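One structure is given below, encoded as structure tokens.
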Amino acid sequence: MLHKKQIEQWVYRFGYDTDYSNGHPSILGNKGYGLAQMSSLGFPIPPGFTIITDGCRDYYAKGQTIAQPIWDQVVAEIQLLEKETGKHFGGGPFPLLLALRSGAKSSMPGMMDTLLNLGLNDETVQLLGHATQDFRFAYDSYRRFIEMYGHIIMGIPHHLFTAVLDGIKQQDNLRHQEGLSLNALHTVIDNYKKIIWTHTGTTYPQNVFEQLRKTIAAIFASWNGARAVTYRSLNHIDDQDGTAVTIQSMVFGNRGTDSLTGVLFTRNPSTGERSLFGEYLINAQGEELVSGLTTPWPITKQGIPSIQQADHALEEKYPLIFSQLSNLAIELENYFREMQDIEYTVEQGKLWLLQTRNGKRSAKAAVKIAIDMMQEGKIDAKEVLKRIDCNHIERLLHPTLDESQTIEVLTQGLPAAPGVASGVIVFSPEEVAAISKTESVLLVRPETTPDDIGSMAMAAGILTTKGGMTAHAAVVARGMGKPCVCGAHDITIDRQNKWLLIGQTKIPVGSWLTINGTTGQVIKGKVATIRQKPFPEFITFMQLVDKLKRMEVRANAETVQDGAVGRSFGMAGIGLCRTEHMFFHPDKMCLFRKMILTFSKTSRIDFLTKLMPMQKRDFKALFQMLDGLPITIRLLDPPLHEFLPSHPKDLADLALQIDYPLSEVEKRIELLSEVNPMLGHRGARLAITFPEIYVMQLQALFQSALEVEKVALEIMLPLVFDAKEVIFLKNIIEEVHQKIAPHIVYKLGVMIELPRAALQAATIAPLVDFFSVGTNDLTQTTFGISRDDGVKFLEDYQQKGLLQADPFVTIDQEGVGALIQMAVTNGRSTNPRLKVGICGEHGGDPASIQFFESIGLDYVSTSPYRVPIAKLAAAKANLL
Ligand code: PEP
Ligand code: MG
């Protein structure tokens, strides 16, 4: 085990006969960790060493310098590496070249820097040419080094180098740079040197130790580069983790047609299928794959859509390598009991593994792989739950294409990240930032770079014209759960004319386009989508979740459609039916408004009588849909301003619509107007003044209950603050109940959404069967912050570190949470059978759910689509 007391040891070696299998990713970074593990398993890995993450923290602590003890250990390791490999760093006969890679505890693909072929200069390139008898290879490696060093360490825009290369390739009519002649390579290198000189007025170091030192520093510095910072904040990765640096002797995938480089996943990262999945490039180095600049071939025939090209698959073209590789891959997966993402290189027929890590995957794949591995006996049920994040489930509920419509498929790319997204097309991150505020946006790029991470997060989907399934765009989009289509070669991005050219079709910037990241289709215009149907492993997963959670999860719904969605996700019932929302339909709204606006009790009762059958019909339909599942029906709680217009023009329209003289509408609205309607005449108070409103609702309720076979009825009173108020309303309920349906059993509950109700829990609890905590109002009234206006300034609190999270999103445990806890304890002290749940928005927030579990609540209720997320959060919290 690597202990803190060994902190003076800054570097750990791998690839020798040394066992560091106990090292931890937080010390060695995930790359260093994977290499240490493979090293102890005796796998073929090029030897090297890792500078631990403490080195990164030390670098920052020392004002961004590499301390002498670290450097001394690096130099000593290089000497050892020279001995081990029989090569010489900065000299001959065979120069030692190095690959330097970043590697934090949590994988941050492409977010930090990597540099290959370090150790080449004008002299060693010659030596390398002699030693390998292959000058083309030596100069190709040198060309790559200058390009990477110039871009990464010296900050020269990458496209300047690509333009040189593309120009030469075009001249020679070549698809890949693998075909560049030695002469062409000399020209490229001369031009690269000119670019560096013009741009920086200096040149890259010829001294290989200077190259090494500067690159280590650059990798440490890239920990705080803009794209890494953005990625960490999007993925909740701790800024203090720091990155390790792995320094490994180079093996070369660019030494001819018996050399190659590739990436392999032990299972399909998009679908989760249990088959090897990956890509490779012949005579190339790994960065080409990752950058997405060249389109690779799949490793299996399965991955190649056209039969004619099937012999390009690695398994056909290099069967021996394929079989060695697949055996090692399976061994690695079994060892880590996790799907692995493996980078490999073949140098003149010899296979080397360069790294292994737990593979990033789509949400669907995450669920399928976890369930499959449980069924294969590799992990237990608790581990399955640990591996699936609430975000995964959220992504699974992403829309898919509605198959019933006719679509026009313009072209086909690679299905890089599942889901369907429509948006107006834009070509630059700036446009994404500007337009995504108001419109759904599709980011279209030749390929994405890690600098695009921020705009990828803002876009609805990503379409690239180059790159494969393991290119940056694909990996990042999959992780984000963004639909993505990669490598759509038929598309030309014409920046000058601001359009896309697909065949003969021109699609101007700003037009709608759709991508289907599940199939790779690029579709004209905006299309209708539907939510993904649960797949078998998802069902098994949710069964497991159901078994492992303690709290009940219900849905907030007031329509049959929403309720049915909740049922399809296995809700335990409806936890909140906001009856005022049942009047949103235009016909009902008109009568409802008339009822609110009338001056006389007689005409109010008249309107209520007309509304009653409508309300009854709606209740009945809900009861039938629920088929005996419980439903909490909350009697009216309308803050009246939500139902009445304020703009003069809208007032005139309303007068016309409900057939009242405008002057009368104005007079009544004036009378009803409240300075602070959220704290005004709403909730149970409305029924204290106008009991007839609740009477109508109760009649509708009990009458509809009589007409269905099964109903589990729960009646709930909103915004109460005192036991006497509850008794008053309870009497009204009982009166109607006795009159209409005395044999129908119902439960009575109150919402706890005012601090006074929480304080009075002990006196209210004996009167009721349940409390449902309305955390939206309870947060509003506890903080004294309007739930409608808080957005404007709560962000300032967060930015200044005064609030950790928006209390309307994640429960404030110390304040609102303490009130809830008190209500539970005091309520149960006078009514031990009291059931307590949550029906505010916090009922669907995983962090809040964890708190609700910890204080022993009985249920949460949330929007129907969040039911699976809430269930998973509840199960995870129960296992803590
Ligand atoms: C609440 O206040 O938390 C609640 C569920 O009620 P509403 O949002 O309808 O006010
Ligand atoms: Mg409320």
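The values are calculated or read from the model by the stated rules, or taken from the named source; none is laboratory data. Everything numeric in this text was worked out from a predicted model, so none of it was measured. Don't worry about glycine lacking a Cβ; one is built from the backbone with ideal geometry, like all the others, and counts go over all protein chains shown.
Some observations on this one:
- Across segment 770-807, the qualifying residues are those that are within 16 Å of ligand 1 (Cβ to nearest atom) and hydrophobic (A, V, I, L, M, F, W, C), and the one among them that is farthest from residue 835 (Cα to Cα) is 791.
- Options 820, 869: the member that is modelled with pLDDT under 95 and crowded, with 24+ Cβ neighbours inside 10 Å: 869
- Helices (runs of 4 or more DSSP H) (entirely within segment 149-235) containing at least 2 residues that are within 28 Å of residue 103 (Cα to Cα) and of a type in the set (Gly, Ala, Ser): 208-222, 226-235
Yes/no per residue for (1) of a type in the set (A, V, I, L, M); (2) at pLDDT below 95; (3) within 16 Å of ligand 2 (Cβ to nearest atom):
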position: 785; (1), (2), (3): yes, yes, yes
position: 792; (1), (2), (3): no, yes, no
position: 801; (1), (2), (3): no, yes, no
position: 806; (1), (2), (3): no, yes, no
position: 816; (1), (2), (3): yes, no, yes
position: 825; (1), (2), (3): no, no, no
position: 851; (1), (2), (3): no, no, no
position: 856; (1), (2), (3): no, no, no
position: 874; (1), (2), (3): yes, no, no
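- Pairs with Cβ under 8 Å, 6+ apart, first in segment 822-843 and over 15 Å from residue 759 (Cα atoms), second of a type in the set (Asp, Glu) and surrounded by 21 or more Cβ atoms within 10 Å (Cβ to Cβ): 840/753; 840/777
- Per-region count, segment 547-581, residues out of contact with any strand residue (DSSP E or B) (no Cβ under 9 Å at 6 or more places or on another chain) and of a type in the set (D, E, K, R): 3
- Evaluating residue 712 against the criteria (1) without any contact (Cβ under 8 Å) to a residue 40 or more places away in the chain; (2) more than 16 Å from ligand 2 (Cβ to nearest atom); (3) under 44 Å from the mean Cα position of the chain (by Cα) leaves one unmet condition, (1).
- Residue list for segment 618-675, restricted to those being surrounded by 16 or more Cβ atoms within 10 Å (Cβ to Cβ) and within 16 Å of ligand 2 (Cβ to nearest atom): 632, 633, 634, 635, 636, 637, 638, 639, 640, 641, 643
- Residue identified as under 30 Å from residue 473 (Cα atoms), outside any strand (DSSP E or B) and either in contact (Cβ under 8 Å) with a residue 12 or more places away in the chain or among the hydroxyl-bearing types (Ser, Thr, Tyr) (or both) among 115, 35, 81: 35
- Boolean, residue 488 is touching a Gly at 6+ places or on another chain (Cβ under 8 Å), part of a helix (DSSP H, G or I) and closer than 30 Å to residue 429 by Cβ: no
- Criterion applied to 847, 873, 823 was being out of contact with any Lys or Arg (no Cβ under 8 Å at 6 or more places or on another chain) and within 16 Å of ligand 1 (Cβ to nearest atom), and the one residue passing it is 823.
- Condition met for residue 122 (in the same structural domain as residue 194 (by TED's automatic domain parsing) and not in a helix (DSSP H, G or I)): yes
- Only residues that are among the hydroxyl-bearing types (Ser, Thr, Tyr) and out of contact with any Phe, Trp or Tyr (no Cβ under 7 Å at 6 or more places or on another chain) were counted in segment 701-757, giving 1.
- Filter result for the condition that a residue is assigned by TED's automatic domain parsing to the domain that holds residue 218 and part of a loop (DSSP other than H, G, I, E, B), over 103, 91, 129: 91
- Residue match in segment 555-563 (condition: of a type outside the set (S, T, N, Q), in the same structural domain as residue 477 (by TED's automatic domain parsing) and out of contact with any Leu (no Cβ under 9 Å at 6 or more places or on another chain)): no
- For segment 544-566, residues that are away from ligand 1 (no atom under 16 Å from the Cβ) and at pLDDT 95 or above total 9.
- Verdict on residue 720 being at pLDDT 95 or above, surrounded by 15 or more Cβ atoms within 10 Å (Cβ to Cβ), over 22 Å from residue 760 (Cα atoms) and β-branched (Val, Ile, Thr): no
Condition check ((1) among the acidic types (Asp, Glu); (2) modelled with pLDDT of 95 or more; (3) in contact with a strand residue (DSSP E or B) (Cβ under 9 Å, 6 or more places away or on another chain); (4) surrounded by fewer than 23 Cβ atoms within 10 Å (Cβ to Cβ)) across all residues:
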{"position": "95", "(1), (2), (3), (4)": "no, yes, yes, no"}
{"position": "100", "(1), (2), (3), (4)": "no, yes, yes, no"}
{"position": "103", "(1), (2), (3), (4)": "no, no, yes, no"}
{"position": "128", "(1), (2), (3), (4)": "no, yes, yes, no"}
{"position": "132", "(1), (2), (3), (4)": "no, no, no, yes"}
{"position": "141", "(1), (2), (3), (4)": "no, no, yes, no"}
{"position": "149", "(1), (2), (3), (4)": "no, yes, yes, no"}
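- Residue in segment 685-695 that is within 15 Å of ligand 1 (Cβ to nearest atom) and surrounded by 15 or more Cβ atoms within 10 Å (Cβ to Cβ) present: yes
- In the set 594, 616, 588, only one residue is assigned to a helix (DSSP H, G or I), at pLDDT 95 or above, of a type in the set (Lys, Arg) and more than 16 Å from ligand 1 (Cβ to nearest atom); that residue is 616.
- Among the residues here, residue 767 qualifies as among the hydrophobic types (A, V, I, L, M, F, W, C), away from ligand 1 (no atom under 14 Å from the Cβ) and either surrounded by 17 or more Cβ atoms within 10 Å (Cβ to Cβ) or touching a residue at least 12 places away in the same chain (Cβ under 8 Å) (or both).
- Answer residue from segment 178-198, given it is without any contact (Cβ under 8 Å) to a residue 40 or more places away in the chain and more than 41 Å from the chain's Cα centre (by Cα) and is nearest to residue 295 (Cα to Cα) among those: 184
- Only residues that are within 16 Å of ligand 1 (Cβ to nearest atom) and surrounded by fewer than 19 Cβ atoms within 10 Å (Cβ to Cβ) were counted in segment 731-755, giving 1.
- Residue check for residue 478: charged (D, E, K, R) and either surrounded by 23 or more Cβ atoms within 10 Å (Cβ to Cβ) or under 29 Å from residue 274 (Cα atoms) (or both): yes
- Residues that are part of a helix (DSSP H, G or I), of a type in the set (Lys, Arg) and touching a residue at least 40 places away in the same chain (Cβ under 8 Å) occur in segment 559-569; there is at least one.
- Within segment 723-765, considering residues that are more than 16 Å from ligand 2 (Cβ to nearest atom) and in a loop (DSSP other than H, G, I, E, B), the one nearest to residue 811 (Cα to Cα): 760
- Meets criteria (within 30 Å of residue 370 (Cα to Cα), in the same structural domain as residue 151 (by TED's automatic domain parsing), of a type in the set (Ser, Thr, Tyr) and surrounded by fewer than 18 Cβ atoms within 10 Å (Cβ to Cβ)) for residue 275: no
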